[in-house]
Every structure is written in structure tokens, then in C-alpha cells.
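Beneath this line is the structure, given in C-alpha cells, with notes to follow.
The values are calculated or read from the model by the stated rules, or taken from the named source; none is laboratory data. Just so you know, these numbers come straight off a predicted model, no measurement behind them. A quick note on method: Cβ atoms are made from the backbone with ideal geometry, for glycine too, and the neighbour counts reach across all protein chains shown.
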Amino acid sequence: MREFLQILFQNEGHEIVTSADVKSALRQCQQNNFDLVISDLKLPDGSGLEVLSWVSEHQAETQVILLTAYASTQNAVEAMRLGAYDYQIKPVKVDEIKALSEKALEKVRLLRENRELSEELRGSKLKHAFVAQSPKMNRVLKIIRKVARVNTSVLIEGESGTGKELVSRSIHQGSPRHQNKFVAINCGAIPEALIESELFGHGAGSFTGAVKDRAGLFEAANRGTLLLDEVGELPPSVQVKLLRVLQERSVRRVGEEGERPVDVRIIAATNRDLEEMVGNGTFREDLFYRLNVVKIRVPPLRERSADIPILAQSFVLQYAKELGKPISEISRDAMKALCAYPFPGNVRELENYIQRAVTLAPGKVIGVDDLPDQVSVRKSRQLDEVFYFPQEGLELEVRLKEIERRYIDEALKRSGGVKKNAASLLGLSFRSFRYRLQKLDHSESGDSLE
């Protein structure tokens, strides 16, 4: 029968794999993702229901048809309960098994199209969540899309206010876990005495005040995603226990002996340099490598100033709607002032300024006067410095060199002296940047830019 079905479906253009028993069938299923499994109910080493049960649990789109010479209501009910597409009574009729298989494969096609459409829709929502147009943020978005599909740990690095939690939520939303919980904890905001209980839970009577059993955040996020924000703030004792949870995939509540299995995807975020912390012994190296499977660096807003206009406009529309204000745009001068400001507080600071401006603006357009002094005054002062024209005149070439030098100095400062990154901040190739650097260095005696 097995050889007959193999020839039949090969003649229909399908790729076929065969197995003689449950053991080899399960091994094949673990190594391949089949569209359709056709199995006899009675096999030499067990039942086809074992194959059906495994496929239903691990490969949701795969359809299973059972064959049996002993049709009974009980068998049929059990097969359907375990997720069988249908079952056929032997001896098999060629036309019936072909027609049934075609219907099963059509269902597989529809399920796959539905999944791909859902992923596409989640991808479009993900793109919408990221209000950005800069090359650096587009690269971040591409990494998010790739890493979201696989169940691996992610480490997100970036300054405060850059949007690390938004990146984390986007990874969760684009993952197969998106229908389950996303749970976030700020590891630096919870007292050291309580962080272990918050993460792993505790049993009744395990410490003063523990009057009843309580599940921790790992259990709360089971089958979902857990964000460990500011993971660098975890005390060493908790780092050890976190590492064990990641290795064993189970948690032990404080004051209990037994282990509880958990299936949680871990995303860690930090504004600190964990590699440096590993070097000075304040963060465990083995835990760092467990968390740092894929690293995503979220650039600060000063490195992606091209995003400021689109971010500012999106915040205007958001808060105008929330506050019931008839404001829909930002004046040109106000936008120039925003784009010139370095935003040490990153996107969070920009959002705060726009919310303030929408609240205070008297008209329908946000002007420079509606922005905080540190933004508007800075812009005015910069314009005065750049365009100041003394009464006696000036040497244009000297003035332009001064301006160029100041921008290069600032770019080197922001990039920590890394010339390649400084060139990127100025929109220059590395060769062009190096040429300008050398030219200025030689033209200014005794004052090196290296």
C-alpha cells in the first residue's frame, strides 16, 4: 500500500517521503515540514494517532489523513479531536484518496496564504509604528522584521528616550507570539530586595508580607515576550538566577523547591555598555552572551535628524487630537529650530516639547515662540553667529573655514573621535572627510583636529 501510494502521488507531481513505522515517521516529520501526511492507523510499533498528535502540536498547517480497515465511531471521533483532516477506510479507492488529498492540500494553501497575509499586515503595522525615514532607522526596521520571526534572545542598546521599548514591542508584534502577552519590567526601578520576587514569583510565607502564592513576570509572560529594560541594573545575585532560567527554561519561585516550566522570549534593553561592564566584572559574561544573540543599536535622535520633521508632525497630530486643538502644522522657522537642536533626551524630549507647544500655541500653527527657550534661543543665536556680517567686512574664505572646522569638531565629538562615524554625520564619504580634516589641520598652525 505504501509503495502504491508513493507511485500514485509521484505521478501527480508531488515529492514523497515514506516511512514504515511510527518511529521513523516522527523522525521524518521532525526533519521536514510536510504539507500532507497520510498514515495507517495501525503501525508495527504503535498507532497513527501518535503521528497525528505530534503533527497537530508542532506543524499547524500540515494536514493528516488516516487510513484504517477498522472503521469505528470511536476512532473517527478521536482522529478528529486530535486534528485529522479526514480518514479513509481500506481498501483505498484511487479517485477518493486523490480527491481527498487535493482538498487537504488546498486547505494547506489557504492556511499558508492567510498566515503570509497576517504577517504582511503585521509588517505594515510595524512600519506605521516607526515614524522614521532616515537610513539608520530603516536599517533598524529591517533587522526587527528578520529577528521577529525567529525565537531568539535580542539585546537592544541605545540612550534613554530613543525608543527601545517601541523596538521591543515591534519585535513581539511581528513574531508568532504576538497573540500572547508582552510584559515589560524596568530592572532599575525596583528595589533589589523585591526584584527576584517580581521576576520569579514567591510562595506564601517565603518572606514577611508574602501572605499568598504569587506568580512572577516570567510566568505572566508565558508563551509571550518579556522585556528586561535596563538589564544592566540587575544585581549579581539575580543575574545568576536569570541565567539559570534562560538555560533551564523553568523558574523556581522564592521559597519553593519545585520548578515551573516557562516558554518566554527574552528581550533585554540597556543604555549602558554591557561589554564594558563584563570587562570590569559588574555583569556576568555568560549572561551577556545568552542575551546578546542578536544586537540592535537604536541611534540617538542627533544621528538621525532627518527623522525630526516627520516625528514632530506625527506628535502634533497626536496631541492636537488628544487635546482638541485645531493645530495641524509647524512653521518653517520652528521646524528649522527643532532640526538644529541636539535633543539630548532624544525622541522622548521631542515628544515632550511638541506636547507643550500644542498645549500653549494660540493659533493653528506652531511657531518658534511656542517652543522652549533652549530650542528657540539656541536657533536664533546660531543664526546670528553664522550670518553675522561686521561693518568693516570679512574674509569669506576664513569665515567658511571657521564654520567648517566647528562642524567637523562637533561631529568628531559626537562620534567619540571615530572619523568614519563623524563623516557619516556630515553626509561625507570617509575620503572626503579625511581630505577636509587634513586641509584644515595644515592651514591652522599649531591646532590639530586629529
Q.
What pairs come out if I take residues in the range 119-142 that are under 20 Å from Glu157 (Cα atoms) and of a type outside the set (A, V, I, L, M) and pair them with residues that are modelled with pLDDT under 80 and buried (at least 17 other Cβ atoms within 10 Å of the Cβ) whose C-beta lies under 9 Å away, six or more apart or interchain?
A. Asn138/Phe130; Asn138/Ala132
Q.
One residue is enough: does the range 87-109 have a residue meeting the conditions basic (Lys, Arg), surrounded by 15 or more Cβ atoms within 10 Å (Cβ to Cβ) and at pLDDT below 85?
A. no
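Restrict the check to the range 52-64 and report whether at least one residue is among the aliphatic types (A, V, I, L, M) and surrounded by fewer than 17 Cβ atoms within 10 Å (Cβ to Cβ).
To start, the set of residues in the range 52-64 that are among the aliphatic types (A, V, I, L, M) comprises 52, 55, 60, 64.
When the remaining residues are screened for being surrounded by fewer than 17 Cβ atoms within 10 Å (Cβ to Cβ), the result is 60.
The answer is yes, given that some residue of the range 52-64 is among the aliphatic types (A, V, I, L, M) and surrounded by fewer than 17 Cβ atoms within 10 Å (Cβ to Cβ).
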Q: Within the range 269-286, identify whether any single residue is modelled with pLDDT of 90 or more, touching a strand residue (DSSP E or B) at 6+ places or on another chain (Cβ under 7 Å), part of a helix (DSSP H, G or I) and farther than 30 Å from Lys336 by Cα, and answer yes or no.
A: no
Q.
Can you confirm whether Ser153 is among the hydroxyl-bearing types (Ser, Thr, Tyr) and modelled with pLDDT under 90?
A. no
Q: Please work out which residue is farthest from Asn292 (Cα to Cα), limiting yourself to the range 141-160 and to residues that are crowded, with 18+ Cβ neighbours inside 10 Å and in contact with a strand residue (DSSP E or B) (Cβ under 6 Å, 6 or more places away or on another chain).
A: Val147
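Looking at Arg253, Arg265, which is the one that is surrounded by 18 or more Cβ atoms within 10 Å (Cβ to Cβ), basic (Lys, Arg), at pLDDT 90 or above and assigned by TED's automatic domain parsing to the domain that holds Thr152?
Numbers: Arg253 fails: at pLDDT 90 or above.
Testing whether each residue is surrounded by 18 or more Cβ atoms within 10 Å (Cβ to Cβ), basic (Lys, Arg), at pLDDT 90 or above and assigned by TED's automatic domain parsing to the domain that holds Thr152 leaves just Arg265.
Yes/no per residue for (1) within 43 Å of the chain's Cα centre (by Cα); (2) farther than 22 Å from Pro91 by Cα:
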site: Ile16; (1), (2): yes, no
site: Gln30; (1), (2): yes, yes
site: Leu36; (1), (2): yes, no
site: Leu41; (1), (2): no, no
site: Leu52; (1), (2): yes, no
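Is it the case that Arg214 is under 25 Å from Arg149 (Cα atoms) and of a type in the set (Lys, Arg)? I'd like the intermediate steps shown before the answer.
Working: under 25 Å from Arg149 (Cα atoms): no; of a type in the set (Lys, Arg): yes.
For Arg214, the condition - under 25 Å from Arg149 (Cα atoms) and of a type in the set (Lys, Arg) - is not met.
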Q) Is it true that some residue in the range 161-172 is surrounded by fewer than 18 Cβ atoms within 10 Å (Cβ to Cβ) and in contact (Cβ under 8 Å) with a residue 60 or more places away in the chain? A) yes
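Where in the range 13-110 are the strands (runs of 3 or more DSSP E), entirely inside, with at least 3 residues that are within 15 Å of Arg2 (Cα to Cα) and of a type outside the set (S, T, N, Q)?
On the way: elements: 36-40, 63-68, 86-89.
Ranges flagged: 36-40, 63-68.
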